[in-house]
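Report on one structure; see the data block that follows.
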Amino acid sequence: MKIVTIVGARPQFIKASALSRRILAQEAINEVLVHTGQHFDDNMSDVFFREMDIPAPKYHLDIHSLSHGAMTGRMLEAIEMVLAEEKPDFTLVYGDTNSTLAGALAAKKMHIRVAHVEAGLRSFNMAMPEEVNRILTDRISDYLFCPTQVAVQNLETEGFRHFPCTIINCGDIMYEAALYYRDKSAHESRILDTLGLVDGQYILATVHRQENTDDLIRLRSIIRALNKLNEETPVVVPLHPRTRKLLDHYSLVPQFTVIEPVGYMDMVSLTSHARLVLTDSGGLQKEAYFFEKYCVTLRDQTEWTELVDGGYNILAGADEDKIVEAARTLMDRTGSFAAGMYGDGNTSAQIIQALKKGR
Ligand code: UD1
Ligand code: UDP
């Protein structure tokens, strides 16, 4: 069986690390990795391949820093050429980026079956590029690997049971990665010492979503909230290049600690020792929960609604006062973190089993 896997953005490398490792252990499967090039800085891409032993991509398309249409279009064309050459049984895509949509669309038009890992998620906000990407990808996928029961229900509500596709709740692939790298991070990461951070006494924050960075009012308000919180508890922010460019552009000067994006070992360490997490990242909202940290989400909606329902996450949007209030509330919250919402950590095995059966 041959699988062509499309990756391109940081969270996809982390997801691929879990599945590709399991595929490598299977003699009967040949995985060809395609890196679209969407993320390209060493600390946004290569560091993950090095640290997490992800197989080197056979194809590197080097497509990045373009508008949505131009990026997706060029990827579509380049991936089509790869698929014509490789003739796989399946094309596998992760998540909701432009690389995801381009990979799924190229494959589907060539009658190659599409497997979508992290299917069924919805924010119900069609202004988000991610929402458009995930809805279109789901609709043309043959295998929809859902991370949660909420995701399965979303697909059922949209009538997917009437479509010729297979829907499986196999748990969250990021949960598997987090479990696998937890110990390695504890042994290898020195980030707390390097930054002079004390366990449980700092806030970890990330901001990169287009809806926040490309809207000056929202961005300014988030920066003000982080500045205010930093007066009481140190705030550390590994800053996405998109956000760094816009802070420079608007001459916004943060008072909290800004660092370059970090590799996954350092990120797991920063998350697992934080007092609280503030983020607009999809992946980090869940990782906060995996490492039993409360999270303030800097968005108006989340795809991970079970975290909000469970009291682990507060949606504060980009409103300065709401963010500060939510952070103070969660810093005082105590309670246990129920297990099982994201599966049992064996997501990759279930995906492989389903694809083998489907072949
Ligand atoms: C993309 C995804 C988003 C995901 C995020 C993960 C889409 C539509 N968005 O957003 O869903 O949450 O990845 O991080 O696919 N840049 C660099 N160096 C890099 C990578 C990006 O400088 O290594 C710059 C680009 O030149 C561009 C900006 O960051 O100016 C945005 O990059 P882009 O890939 O378009 O979108 P992300 O915001 O990273
Ligand atoms: N991450 C990382 N280094 C960083 C910031 C984030 O390794 O400096 C990891 C984070 O732990 C999570 C993933 O990147 O596993 C999330 O990616 P991102 O926030 O870029 O995208 P999203 O999940 O929102 O699509």
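So the values come out like this:
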quantity	calculated
Virtual paramagnetic centre 7 Å along Cα→Cβ of LYS184, amide N under 16 Å, in segment 269-290	269-270
Gained length - ASP62 relative to ARG242, 0.36 nm times residue gap less alpha-carbon distance	63.0 nm
Prolate/oblate/rounded call for segment 194-318, Cα gyration tensor, a/c under 1.5 rounded	oblate
Solvent-accessible area per residue, Å², over the chain with all protein chains present [probe radius 1.4 Å]	41
MET174 accessible area, assembled protein chains, probe 1.4 Å, Å²	10
Label point distance in nm, ASN346-ASP199, each placed 7 Å from Cα along Cα→Cβ	3.2
Heavy-atom accessible area order for LYS357, LYS286, LYS322, largest first, 1.4 Å probe	LYS357, LYS322, LYS286
Residue among SER336, SER17, SER272 with the largest mean-square fluctuation in a Gaussian network model of the chain, springs linking Cα atoms under 10 Å	SER336
Distance cut-off 15 Å, percentage of C-alpha pairs in segment 285-359 lying past it	61
222 nm mean residue ellipticity, helices alone, for the chain (DSSP H n ≥ 4; -39,500 (n - 2.57); rounded to 500)	-14000 deg cm²/dmol
Solvent accessible area, Å² - ARG113, 1.4 Å probe, full protein context	70
Choice from HIS208, HIS116, HIS35 with maximal GNM fluctuation in the chain (Cα, 10 Å cutoff)	HIS208
Label-reachable residues, segment 184-206, where backbone N falls under 13 Å from a point 7 Å from THR257's Cα toward its Cβ	190-205
Accessible surface of the chain [probe 1.4 Å, protein heavy atoms]: carbon and sulfur percent	49
Net length gained if the chain between ARG333 and ASP309 were fully extended (0.36 nm per residue, minus Cα distance)	7.2 nm
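The values are calculated or read from the model by the stated rules, or taken from the named source; none is laboratory data. All of these numbers come straight from a predicted model, not from anything done at the bench. Reconstructed Cβ throughout: ideal geometry from the backbone, glycine too, with neighbour counts over all protein chains shown. Surface areas here come from the heavy atoms of the whole protein model, side chains and all, with no ligands, DNA or RNA. Shrake-Rupley method; radii C 1.70, N 1.55, O 1.52, S 1.80 Å.
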